[in-house]
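Any read-out appearing in this document is the output of simple, stated calculations on the displayed coordinates, not a laboratory observation. As the structure is a computational prediction, the values presented were derived from the model and not from experiment. Note: ideal-geometry Cβ built from the backbone for every residue, glycine included; neighbour counts use all protein chains shown.
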Amino acid sequence: MKNRIRKTRASWNEPGHAHFLTYSCHRGLPLLSRDRVRHWVVDALERMRQELNVALWAYVIIPEHVHALLHQRAAHYEMRRILSLLKQPVAKAARKWLEGNRQSAWWQTLTVAYPSRRVFRFWQPGRGFDHKVLREKTVPAIVDYIHANPVRRNLVDEPTQWEWSSARFWDGGLNVPLQMDEPF
């Protein structure tokens, strides 16, 4: 049997810096198009925030991916743990939802066959995109970028029209899916 070389990527777990995360659905599929699934993502964001003492500054959920800007408050943390809490609960909920009908097109589309097993994949494998934010002055630009995603995708005309982001919260809205933490 051949030895397989696995690519590794260094994870930056440095206190004091924010992280701009992007994680995408398997094969870029629009798996986040239903409110039910978006609620699973919101629940995962809140759980991660509470369990790991993470400040969540901004987020957006669009059909194929999620953006989040967060800041770890603890001196020691692991990005893999943060990403695990963000991605695994959503994948498990989706799998449970689809398990009742294994003949559905989605079940088959999200199942990847390997020589020794079949694996259900909701998210693109790997950690996604993790950009470490080194300067405080870049935070507002990243928040604006996150909030403008639904506008760039022609889902809405204004960022605050998209329910599944923190734009409404930062605009003073009270009826929002998730409260944000104040930066710095």
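Of 85, 29, 108, which is farthest on the positive side of the dipole of the chain, counting Cα position, with +1 on Lys and Arg Cβ, -1 on Asp and Glu Cβ, and the Cα centre as origin? Checked the options; the winner is 108.
Evaluate E = 1/(1 + (r/R0)^6) for residue 96 and residue 156, where r is the Cβ-Cβ distance and R0 equals 25 Å; express this FRET efficiency to the nearest 0.05.
Numbers: r = 30 Å, r/R0 = 1.21.
In this case the efficiency is close to 0.25.
The number of Lys pairs in the chain with C-alpha atoms less than 22 Å apart, excluding pairs fewer than 8 positions apart on the same chain, is 4. Couplings for segment 79-92, taken from phi via the Karplus curve 6.51 cos²θ - 1.76 cosθ + 1.60 with θ = phi - 60°, read 4, 4, 5, 4, 5, 4, 5, 7, 9, 4, x, 5, 4, 5 Hz in order; Gly and Pro are left as x. Sort segment 135-184 into rounded, prolate or oblate with this rule: let a ≥ b ≥ c be the square roots of the eigenvalues of the Cα gyration tensor; rounded if a/c is under 1.5, and if a/c is not under 1.5, prolate when a/b is larger than b/c, oblate otherwise. Here segment 135-184 falls in the oblate category.
The stretch between residue 33 and residue 78 holds 13.3 nm of extra length on full extension. This uses 0.36 nm per residue minus the Cα-Cα distance. In order along segment 55-60, phi translates into HN-Hα couplings of 7, 9, 9, 6, 7, 8 Hz, rounded to whole numbers, per the Karplus curve 6.51 cos²θ - 1.76 cosθ + 1.60 with θ = phi - 60° and x for Gly and Pro. Using the average count of surrounding beta-carbon atoms within 10 Å as a protection proxy, the listed peptides 28-34, 87-93 rank, highest first, as 87-93, 28-34. Under a Gaussian network description of the chain, with springs only between Cα atoms under 10 Å, the residue in 21, 83, 155 that fluctuates furthest is 155.
Rounded to whole Å, give me the distance from the Cα center of segment 95-150 to that of segment 18-67. For segment 95-150 versus segment 18-67, the Cα centre distance is 8 Å. Between residue 119 and residue 105, the contour length at 0.36 nm per residue exceeds the Cα-Cα span by 3.5 nm.
Expressed in Å, the radius of gyration and Dmax of the Cα atoms of segment 18-170 are 16.0, 50. In a GNM of the chain with a 10 Å cut-off on Cα contacts, which of 68, 105, 167 has the highest mean-square fluctuation? Between 68, 105, 167, it is 105 that shows the largest mean-square fluctuation.
Note on the chain: with a GNM built from Cα contacts shorter than 10 Å, the maximum mean-square fluctuation among 95, 168, 118 falls on 118.
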